[in-house]
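Engineer: Mind looking over this structure? Questions follow.
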Ligand SMILES: C[S@@+](CC[C@H](N)C(=O)[O-])C[C@H]1O[C@@H](n2cnc3c(N)ncnc32)[C@H](O)[C@@H]1O
């Protein structure tokens, strides 16, 4: 599929704004994402693996979180940080994040990351389930933005989706990556970008951009890792 479709990045923002109040159902395996107890056990075991890896990466100091969403990861970052700058294009998800995390060390920025430049540098940059929404033709520019945001000796940690049909809603038609259709609980549909990266190919692509990346995968659902400029 072609991910150069005009308006797709605005539609992606509109999707997450409209989905804000039901977003956590995906992460918590509820409603249309409930695929039974065994599936949930595997999912949450793998979430725990990623959370432990994030802990080992030792986020601290001034942290930048890109596409912060409803705070599922912001809460972990806020517990370790001097300060978290949490950026997202959706005021609706920021409001949920704020009420979940309730931390004086977090400040929020409502911005479109494809039109945003970091105003400062940070000790740690995190993005969860965001890289898969960056079109391939924006990939290099996105990582340039990330590099600009880093202080010397800073580190990047990210987590994202592996290509796993079981991770999507039960009524979600499975599509290969590129531009895909996503449905809300009320049946509204939106087109978004979804690129499933695989660890070796992603590490190789990052190496060509001057990054040293340690990228892993959990057995079914997640790709995660750290990256530092070489
Ligand atoms: C899959 S969610 C991930 C949220 C959160 N990081 C997490 O892991 O739970 C993607 C997030 O990207 C945000 N987003 C979509 N397009 C964006 C854009 N152009 N600029 C900034 N944020 C955007 C959405 O509002 C949404 O919160």
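Engineer: When the residues of the range 89-105 are narrowed to those that are surrounded by 17 or more Cβ atoms within 10 Å (Cβ to Cβ) and not in a helix (DSSP H, G or I), which ends up farthest from the ligand (Cβ to nearest atom)?
Structural biologist: 103
Engineer: Here's something else I'd like to know. When you go through 214, 160, 171 one by one, which is the residue that is loosely packed, with under 15 Cβ neighbours inside 10 Å, touching a strand residue (DSSP E or B) at 6+ places or on another chain (Cβ under 8 Å), assigned to a strand (DSSP E or B) and touching a residue at least 12 places away in the same chain (Cβ under 8 Å)?
Structural biologist: Residue meeting the stated conditions: 214.
Engineer: Checking residue 201 against (1) exposed (fewer than 13 other Cβ atoms within 10 Å of the Cβ); (2) part of a loop (DSSP other than H, G, I, E, B); (3) at pLDDT 95 or above, only one condition comes out false. Which one?
Structural biologist: Checking residue 201 against (1) exposed (fewer than 13 other Cβ atoms within 10 Å of the Cβ); (2) part of a loop (DSSP other than H, G, I, E, B); (3) at pLDDT 95 or above, the one that fails is (2).
Engineer: Residues 154, 217: which one is touching a helix residue (DSSP H, G or I) at 6+ places or on another chain (Cβ under 7 Å), over 25 Å from residue 9 (Cα atoms) and at pLDDT 95 or above?
Structural biologist: 217
Engineer: I'd like the full set of residues that are free of Cβ contacts under 8 Å to residues at least 24 places away in the same chain and farther than 19 Å from residue 26 by Cβ, limited to the range 181-201.
Structural biologist: 200, 201
Engineer: What residue, of 108, 122, is buried (at least 18 other Cβ atoms within 10 Å of the Cβ), farther than 22 Å from residue 205 by Cα and more than 15 Å from the ligand (Cβ to nearest atom)?
Structural biologist: 122
Engineer: So, one more: Among the helices (runs of 4 or more DSSP H) lying completely within the range 1-88, list those that include at least 1 residues that are away from the ligand (no atom under 16 Å from the Cβ).
Structural biologist: The qualifying helices (runs of 4 or more DSSP H) are 37-56, 74-80.
Engineer: Tally up the residues in the range 217-230 that are in contact with a strand residue (DSSP E or B) (Cβ under 8 Å, 6 or more places away or on another chain) and either free of Cβ contacts under 8 Å to residues at least 24 places away in the same chain or part of a loop (DSSP other than H, G, I, E, B) (or both), please.
Structural biologist: Final tally of qualifying residues: 3.
Engineer: While we're looking at this one, here's another question. Name the residue that is modelled with the highest pLDDT, counting only residues in the range 166-178 that are over 13 Å from residue 35 (Cβ atoms) and within 17 Å of the chain's Cα centre (by Cα).
Structural biologist: 178
Engineer: Mind checking which residues of the range 145-157 are under 12 Å from residue 206 (Cβ atoms) and surrounded by fewer than 20 Cβ atoms within 10 Å (Cβ to Cβ)?
Structural biologist: 147
Engineer: Name the residues in the range 125-153 that are farther than 25 Å from residue 58 by Cβ, more than 10 Å from the ligand (Cβ to nearest atom) and touching a strand residue (DSSP E or B) at 6+ places or on another chain (Cβ under 7 Å), would you?
Structural biologist: Result: 135, single match.
The values are calculated or read from the model by the stated rules, or taken from the named source; none is laboratory data. Remember, predicted model here, so these are calculated numbers, not experimental data. Cβ coordinates were reconstructed from backbone atoms using ideal geometry, including for glycine residues, and neighbour counts include every protein chain displayed.
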